[in-house]
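Participant: The following block contains the structure, expressed as structure tokens.
The values are calculated or read from the model by the stated rules, or taken from the named source; none is laboratory data. Values in this document were obtained by computation on a predicted structure and should not be read as measured data. Cβ atoms come from the backbone with ideal geometry, glycine included; neighbour counts cover every protein chain shown. Keep in mind that these areas ignore ligands, DNA and RNA; they rest on the heavy atoms of the full protein, side chains included. Shrake-Rupley method; radii C 1.70, N 1.55, O 1.52, S 1.80 Å.
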Amino acid sequence: MRLKHYQEKVLKELKEYLTSLSEFNVKYEKALEFDADMAKDYNFPKRAYEQVKGRTIYHSKTNGLQEPLPDIYLKIPTGGGKTLLACHAIDNIQKTFLKKQTGLVLWIVPSTQIYRQTILALKDREHPYRQILDISSGGRILIKEKNEMFNRLDIEEHLVILMLMLPSANRQNKETLRVFRDQGGFTDFFPREDDFEGHEKLRELIPNLDCFTTEMELFGTQIKTSLGNTLKVLRPLVIIDEGHRAYGELARNTVRNFNPSFILELSATPPPNSNELIKITGRELHEEEMIKLDIHLTNKTSLDWQDTLLASFEKRNELEKKAKEYEGNTGEYIRPICLIQVERTGKDQRDKKFIHSEDAKEYLIKKCNVPESHIAIKSSEKDDIEGINLFSNDCDIRFIITKQALQEGWDCSFAYILTVLTNPTSATGITQLIGRILRQPFARKTKTQELDECYVYTFRQNASTLVREIKSGLEDEGLGDIAGRVVNDEGGADTEILKTREIKYRDGFKKFEGKIYLPKFVVQEKQSWRDVNFEIDILSSIDWESINIDDLKNISLQNRKNKEQEIVLGLSNEEKELLKTTYGYEKSGTLEIDEVFLTRQITDIVPNPWYCFQLGEKAIKMLLEKYDREIVTTNFVFVIEELKKILEKERNRLAEQVFRQMVEKKKLCFFLITDKGGFVLPSRIKVKSNKQLVRSDNTPIQKSLFDYVPEENINNLEKSVAIYLDEQEKLLWWYRNMSRQDYHIQGWKRNKIYPDFVGADKQDTKEDYGTVYVLETKGIHLINEDTKYKQDVFAFCNELGAKKAWKELFDEFPDHDFEFQVVFEDEWQNKINQLLQ
């Protein structure tokens, strides 16, 4: 699964922290060897956090052995792919900090719904989550539930993921909870029952183990062979998903008492006193097309709830028509679903005073002619969607009626409409349910506005209260920064609701309306032109046999056997592998070279499985000439990662060759096109905004091409550049280019380049514009390989543009030149001054 830019940012920052953490941990362990008492003051997680984040505020945590415990939060909003990032994070933590591929991961979730979804995904070998973990462990994964046993050999030779629902980890009633009960299945991790000396030594090593007796009693210490004690012995990596929703400090202390080696928490809203390492905003999700916005709120004035349900029924039908048109054009199937919240669902709770699930179902069937197979009820008593694949073309479900059962952990991107039928005098439930309709199908905008937004229907509610509740719900989902993107479609607007505006050219620029064309890369087909397509035109033309993987010879493999050192107990003193001082032993791993597994990992880069297999064989053969087989086997996962880097670099190199050769042979042209297929700046744009961008002195913007520039959709750097452009005497006009919908350049990589600004300077002789400037802004912290790519594409555009006599192509564009530039945060002012000299 291809990662979004913000997801790559999360993993990059996490790896930086883990690298620093590993370095400080080495110092901590050396300090322990030198002076254990002095080492207690060496808080290595805090030092690593301060080094990476540059912050002095860190909330220190310890495990059940009172050792420093790395415990960090990734703030990822709803719809941001927390589970996907958790799987990648396990890979990074295992390799960078824990330095191993096997061991135990304790994955804690807060609800049955999340538990079911996660366990099903992790057990499915075809699911992206499972494939990520397979790569991390070299294909040796075991997924276990709390009632399933595992033994020492499982831990030694596999990466074991143990799923646990949060209530089971709450220590409040520990004697009645299965996790703390004595279970014979875990005896492999403990001394024999009659080995009292072994029990005593283990208790000295791990003092917080639960025991049946105390040292003062007749037979001495007897440690429980429970799952809870097994966790304490194995010191797992702990992943906590949305933990803030379901537990407090008591349960949190229980988790720490499992003696974890690392705790990673992922949440949309981290609680106070958490160590927030990374924060992803709702805007970043929106820019990456992960969520549906805007949210359209319709508050019906009718006293009858049936009118509200009818309106949402009609809206869903309208969306389905759009979805069918979209499927006809793209082949992608979407079936819009309406979620209906009622006040009662119990079979004995039907009462005229309350709106019951059967009331809503009966209305849909009798008054709206909805087939019964299209309606599902989800409640504690009845679950019509259990085991149903809602994304399947064969699924009929279009309406899901619930009270509270979908509030947590239920994710279906086909859900577009939330219909709230609760009594106007009671709580609406919008706060808990709004997140269920936000996810964008396929994490990609359809470019059909109705299918890229979501809808809420209520009746007889107070408008201000509704907006406040929706915003509260968005904040709970980690989307507080986009809480303004709520559109009230039926009056009663709160002052904070964004107004829909149609903006147009300024009066002084109306003569340019419909005449500002921008060049792009196009391919000729018969008598017309079309945009270049990366997959069809570039990727398919690559000569994959030209790939050079010789750089793989330069990688260095660890010259050691694959060994794991774990706490082992119950062996007699005669066992040669027993390390008495640490109760550990070493045993060679059993990872093997698997060419088929390697092939599956690189097909997302080289879309030819047969050639991928040949590349994999070639890579392994190349390394076996330098290293013996055991070392290559030990480093197999590392080899795959390095090979993927080399292949991606080679694919980009060959794609650039294809791109430039197509231009040279005039199969690919950089043209201004005035007829169908060309790009012209729009004449009118609809925006949702309450705040207009103004200059630094609070005077109105004067040179923007359009008469209104929304401030909501612009970051601080872009705002500074926009205001500076507006104040330039030599500039005639400028335009804020909108990402994902406006002018773009398709280069030799898959992702299109959407520049931030288009501007034009004045001609000396007349009131016209001369050079058109296309600008992309970049913060210093965002400079990376992608930035270099954009610079190269822009340089190529400038090179091609310099060779064009645009007037020969288009009479409306005489004497105009183009200049494409990437400007950085630390130089943009000087760069713009140079351009406008």
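Participant: Students often check this: by mean Cβ neighbours within 10 Å, which of 280-293, 388-401 ranks highest, and how do the rest follow?
Facilitator: Averaged packing, sorted descending, gives the order 280-293, 388-401.
Participant: Could you name the lysines whose alpha carbon sits less than 20 Å from that of residue 510, not counting residues in the same chain fewer than 8 places away?
Facilitator: Straight-line reach from residue 510, under 20 Å: 686, 703, 730, 762, 766.
Participant: Can you list the lysines whose alpha carbon is less than 28 Å from that of residue 621, not counting same-chain residues fewer than 8 positions off?
Facilitator: 95, 99, 100, 553, 561, 563, 587, 644, 645, 649
Participant: Label region 300-357 by shape, choosing from rounded, prolate and oblate, from the square roots a ≥ b ≥ c of the eigenvalues of the Cα gyration tensor; if a/c is under 1.5 it is rounded, and otherwise prolate applies when a/b is larger than b/c, oblate when it is not.
Facilitator: In terms of gyration-tensor shape, oblate.
Participant: First check a/c for region 64-175, with a ≥ b ≥ c the square roots of the eigenvalues of its C-alpha gyration tensor; if it is under 1.5, answer rounded, and if not, answer prolate when a/b is larger than b/c or oblate otherwise.
Facilitator: Because its axes are fairly even, with a/c under 1.5, region 64-175 counts as rounded.
Participant: Follow-up. Between region 68-88 and region 1-35, how far is it from one alpha carbon centroid to the other, in angstrom?
Facilitator: Using only Cα atoms, the two centres lie 14 Å from each other.
Participant: To continue, here is another question. Can you give the accessible area per residue of region 683-739, in Å², using a 1.4 Å probe?
Facilitator: 45
Participant: Ok, one more. Under 16 Å from a point placed 7 Å out from the Cα of residue 303 along the Cα-to-Cβ direction: which residues of region 337-365 have their backbone N that close?
Facilitator: Under cut-off, by backbone N: 353-354.
Participant: State the Cα centre-to-centre distance between region 694-763 and region 508-548 in whole Å.
Facilitator: 23
Participant: Please work out whether region 62-109 counts as rounded, prolate or oblate from its C-alpha gyration tensor, where a ≥ b ≥ c are the square roots of the eigenvalues and a/c under 1.5 means rounded, while otherwise a/b larger than b/c means prolate and anything else oblate?
Facilitator: Oblate is the answer for region 62-109, as a/c is 1.5 or above yet b/c matches or exceeds a/b.
Participant: Any aspartates and glutamates with Cα under 12 Å of the residue 347 Cα? List them, leaving off those in the same chain fewer than 8 positions away.
Facilitator: Result set, ordered by chain and number: 358, 359, 381.
Participant: Taking +1 at the Cβ of each Lys and Arg and -1 at the Cβ of each Asp and Glu, which of 309, 329, 373 sits farthest along the dipole of region 289-421 towards its positive end, judged by Cα position relative to the Cα centre?
Facilitator: Farthest along the dipole direction, towards plus: 309.
Participant: As a quick test, which of the pairs 504/752; 688/719; 4/749 have an alpha carbon distance above 22 angstrom in this structure?
Facilitator: 504/752
Participant: Same structure again: Dipole magnitude of region 645-718 about its Cα centre, charges +1 at Lys/Arg Cβ and -1 at Asp/Glu Cβ only, in debye to the nearest 20?
Facilitator: Approximately 400 debye in magnitude.
Participant: Could you give each residue of region 705-716 its phi-based ³J(HN,Hα) in whole Hz, using Karplus coefficients 6.51, -1.76, 1.60 with θ = phi - 60°, and x for Gly or Pro?
Facilitator: 4, 9, 7, 8, 10, x, 7, 5, 9, 9, 7, 5
Participant: Provide the solvent-accessible area of residue 686, counting protein heavy atoms only and rolling a 1.4 Å probe, rounded to the nearest 10 Å².
Facilitator: It works out to around 150 Å².
Participant: A further question on this structure: Sort 622-629, 523-530, 708-715 by packing, meaning the average of other beta carbons within 10 Å per residue, with the highest value first.
Facilitator: 708-715, 622-629, 523-530
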